[in-house]
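Only the coordinates and a few stated rules stand behind these numbers; no lab work does. Here the structure is a predicted model, which is why all the values come from computation and not from measurement. As a convention, Cβ positions derive from the backbone with ideal geometry for all residues, glycine included, and neighbour counts pool all protein chains shown.
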Amino acid sequence: MPRYFIRRVLSIIPTLFIVITLSFFLIRLAPGGPFAREREVPEAILQNLMKRYHMDEPLIKQYLRYMGDIIRWDFGPSYRYRDLTVNEIIDEGLPISMSLGVISLVLATVGGIAVGIISALKQNRWQDYVVTSIAVIGISVPLFVMGPVLQLVFGMRLKILPIGQWISTHGIKAVILPAITLSFPYFAYIARLSRASILEVLRSDYIRTARAKGLKESVVVWKHVLKGALLPVVTYLGPAFSGIVVGSIVVESVFLVPGIGRPFVQSALNRDYTLIMAEVVVYSIILIIANLVVDILYGFLDPRISYK
Amino acid sequence: MAKKQLENAVNEFNQVMKPVSLWADAWKRLRKNKMALISLVIVSIYVVISLFAPLLTSTGILIDYRKQVITNASLPPSFKPAGELVVKKIENRIVDLEKRVEEQQQQQSAFSSFFDFGSLDTQEESSEPSDGYTESQEGGFSFTYEGEGFSGNTTDPVVRELISQKETLERVKAELDTNPDYKIVYILGTDNLGRDMFARIIYGGRISIAIGIVGTLTAALVGILVGAISGYVGGWLDNFLMRFVDIMYGLPYMLIVIIIMAMIGEKARGSFVVLFVAIALVSWLTIARVVRGQIISLKNSEFVEAARSMGASTQRIIFRHLLPNTLGVIIVFSTLMMPSFIMNESFLSFLGLGVSAPDASWGTLVSEGVRAMESYAWQLLGPGIAMTIFLFCMNFLGDGLRDALDPQSKNRT
């Protein structure tokens, strides 16, 4: 187990290395630099700019310099936001994005499992039908349709919730709509997943034994069924978290949340090289660590899995 | 095609296989699943309409989705001709403006009466300093002025707009029977440039569905090839390919797609070929893994051994014996992959990194609708609902197919 753990943690390094290298060269090889704009910049100024950002050096030297900077967690100056370094942009947005992501993940997991339990225990009754239809709808409605529709209904028509921005401007209420939007598809999927696996476990022999022993139904459900049924949900947490991280890019754009999602889109459109690279690195680290945590968690929950 | 292959494969070994093949069996099971059948019908309707959209446009059933009629901008969904809606819209605007003029007047008169009491001046004198306001006051009281000789010297923008709106109303009413633009019926309303939403949604769906289908086919093809070779050959090749897949799996691929889309620039982005290649390049992984697993479990079965003992080549065994048997899984995965393709494409288009003008996918339409949703909600709801229904049906169909083709995994999600 410790050996597996160490190997998994070390495996972060090559993956990150590949992501950074791939993104670096994808960005540099594309035609048109960050200074190619509609109004042409005079040659002399362009030369100076290139020099300032070390873009006049050979590609391989730029690459090595960049790698060195990243190891020191220095992302350099932003090409577009002249007054800010990329580190400042990330430092400011990351806590907000992280809290939105974590709130959504908790909402999706807790809500999804709860609803899944209800649905499975009331199989083929109206509660079950309501849950299963909501679940399929949740999987089918894209985030960028769901978000604006919620804004329209609750923000513009009913006027009970703020349509955008974050806690600093609107208080805790501002979290509600973005978090619901972001968590809904995963909530729906987790509900479906836990319903299916609970139903499967309910039919298994050890549950029959537990019931035959005369255990109370609540004990059977809480101690026996849930333990066996939640494994698939745990496996799904990894993909769910990646989905939430990527989805947050759209949700942040829709709700004007001042996280790292909007700068990412902006930097991609503006060709703000340093900012894109930093965003990719940060997002990749989050995703890779999340997957690692899920893998290890899974090992603790399921003793049948052996680590080699 | 698939069916024939399967029968051929079976006949070779002189096995008597009744016509009730896997497919007939699956069809029987699928038919029992009402929701999946309804979904199949709806999906087929979408696909057929998308296929024949140019025909519908050229025969005049569908309005040209590029046709901009500025006078008909942002009309709500309705079965009435556009002219009536335009008249109603202008009339509403006029009522609105009149109300505002009246409000201004009340403020104005309150102000001037206060002024009167304070200065003990006469009414006539107090009206002198700003003739614009007093005139609008008079105009507001009676509403009999038709603008002549009066629009020239008024400075109040509200009054000015009121006058011009009234003029437009007259003009529209006069043209109501002569102008063909006012006879068009927009059942799903129009966008801010006066284009028919219904036609735009259909053409948007054409692009979205095309990207979904082509992307799925590409991803499936690459995935099947890699998975089949890896699973059948085994050994170091299998190891190498699967390590490669593992590493690719670890990459945050949506981020890479975003970078690719951002980097290829506005011009190349217009052709959506790039878009589906970008998405397809990174989504063959799951299929490769699934196919590999299936192949490995099948390659030691008796019928493969029989084929090998009869001297069939590796290629023949893979493509004629093994793959047809994994087709069920592949179909299920492809059906479930398509909605995610469409969602990813729309996701990029929504961010402004996907299909660019004049083409529009569902994602583009939704993002345009978001900008106008406060006043013209239908511009968001139309494409949003159209897209959701399609994705909903694809998901249901995929689930139904899984239950039908792979009964062992029933009730699993």
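Classify region A:197-272: rounded, prolate or oblate, from the alpha-carbon gyration tensor (a ≥ b ≥ c, eigenvalue square roots; a/c under 1.5 rounded; otherwise prolate if a/b is larger than b/c)? Write out the running numbers ahead of the final one.
Numbers: a/c = 6.67, a/b = 4.22, b/c = 1.58.
Note, shape of region A:197-272 comes out prolate.
Return the distance in nm (one decimal) between the two label points of a simple spin-label model at A:Glu57 and A:Leu158, each offset 7 Å from Cα along Cα→Cβ.
My value for the distance between the label points is 5.6 nm.
Please find the FRET efficiency linking B:Trp23 to B:Glu161, where r is the Cβ-Cβ separation and R0 is fixed at 56 Å, and quote it to the nearest 0.05.
For R0 = 56 Å, the calculated efficiency reads 0.25.
Pull out the extension gain between A:Arg8 and A:Glu217, defined as 0.36 nm times the separation in residues minus the alpha carbon to alpha carbon distance; nm, one decimal.
Separation in residues times 0.36 nm, less the Cα-Cα distance, equals 71.2 nm.
Between B:Phe244 and B:Arg371, 0.36 nm times their residue separation minus their Cα-Cα distance comes to what?
Result for the pair: 41.5 nm of gain on full extension.
What net charge do the residues around A:Asp91 carry, taking every other residue with its C-beta under 14 Å from that of A:Asp91, with Lys and Arg at +1 and Asp and Glu at -1?
Values: positive: none; negative: A:Asp74, A:Glu88, A:Glu92, A:Glu279.
Result for the neighbourhood of A:Asp91: -4.
If neighbour count is taken as other Cβ atoms inside 10 Å, put B:Thr178, A:Thr209, A:Thr274, B:Thr218 in order from fewest to most.
Least to most surrounded, the residues fall as B:Thr178, A:Thr209, B:Thr218, A:Thr274.
What size of dipole, in debye to the nearest 20, comes out for region A:220-308 about its Cα centre when the only charges are +1 on Lys and Arg C-beta atoms and -1 on Asp and Glu C-beta atoms?
About 340 debye.
Could you please rank B:Asp246, B:Asp181, B:Asp196, B:Asp399, placing first whichever residue has the fewest other Cβ atoms within 10 Å of its Cβ?
B:Asp246, B:Asp181, B:Asp399, B:Asp196
Peptides A:287-298, B:342-353: what's the order by average Cβ count within 10 Å, highest mean first?
B:342-353, A:287-298
Using r as the Cβ-Cβ distance of B:Leu56 and B:Val87, and R0 as 35 Å, what FRET efficiency do you calculate, to the nearest 0.05?
0.75
Taking the Cα centre of chain A as the origin and placing charges on Cβ (Lys, Arg +1; Asp, Glu -1), which of A:Ile207, A:Ser248, A:Tyr4 is farthest toward the positive end of the dipole?
A:Ile207
About its Cα centre, how strong a charge dipole does chain A have in debye, to the nearest 20, once Lys and Arg get +1 and Asp and Glu get -1 at the Cβ?
1260 debye
Do the sum for chain A: with -39,500 (n - 2.57) for every DSSP H run of n ≥ 4, divided by all residues, what is the mean residue ellipticity at 222 nm, to the nearest 500 deg cm²/dmol?
Mean residue ellipticity at 222 nm (helix-derived): -23500 deg cm²/dmol.
Can you check what the net charge comes to around B:Trp362, using other residues whose Cβ is under 12 Å from the Cβ of B:Trp362 (Lys, Arg +1; Asp, Glu -1)?
-1
Show me the trypsin sites (Lys or Arg not before Pro) within region A:180-242 that DSSP assigns to loop and that have at most 13 other Cβ atoms within 10 Å of their Cβ.
A:Arg203, A:Lys213, A:Lys216
What's the exposure ranking of B:Phe390, B:Phe244, going from fewest to most Cβ atoms within 10 Å?
Arranged by neighbour count, lowest to highest, B:Phe390, B:Phe244 become B:Phe244, B:Phe390.
Which shape class applies to chain A: rounded if a/c is under 1.5, otherwise prolate when a/b exceeds b/c and oblate if not, where a ≥ b ≥ c are the square roots of the Cα gyration tensor eigenvalues?
oblate
Within a 10 angstrom radius of each residue's Cβ in B:390-403, how many Cβ atoms of other chains show up on average? Whole number is fine.
Counting other chains' Cβ atoms within 10 Å and averaging over B:390-403 gives 2.
Classify region A:164-308 from the C-alpha gyration tensor, please: rounded if a/c falls under 1.5, else prolate or oblate depending on whether a/b exceeds b/c.
prolate
Could you work out how much longer the chain between A:Val110 and A:Ile176 gets when fully extended? Use 0.36 nm per residue separation minus the Cα distance between them, nm to one decimal.
22.2 nm
Could you tell me the calculated FRET efficiency between A:Ser133 and B:Arg66, based on Cβ-Cβ distance and R0 = 35 angstrom, to the nearest 0.05?
On the way: r = 38 Å, r/R0 = 1.08.
Working from the Cβ atoms, E equals 0.40.
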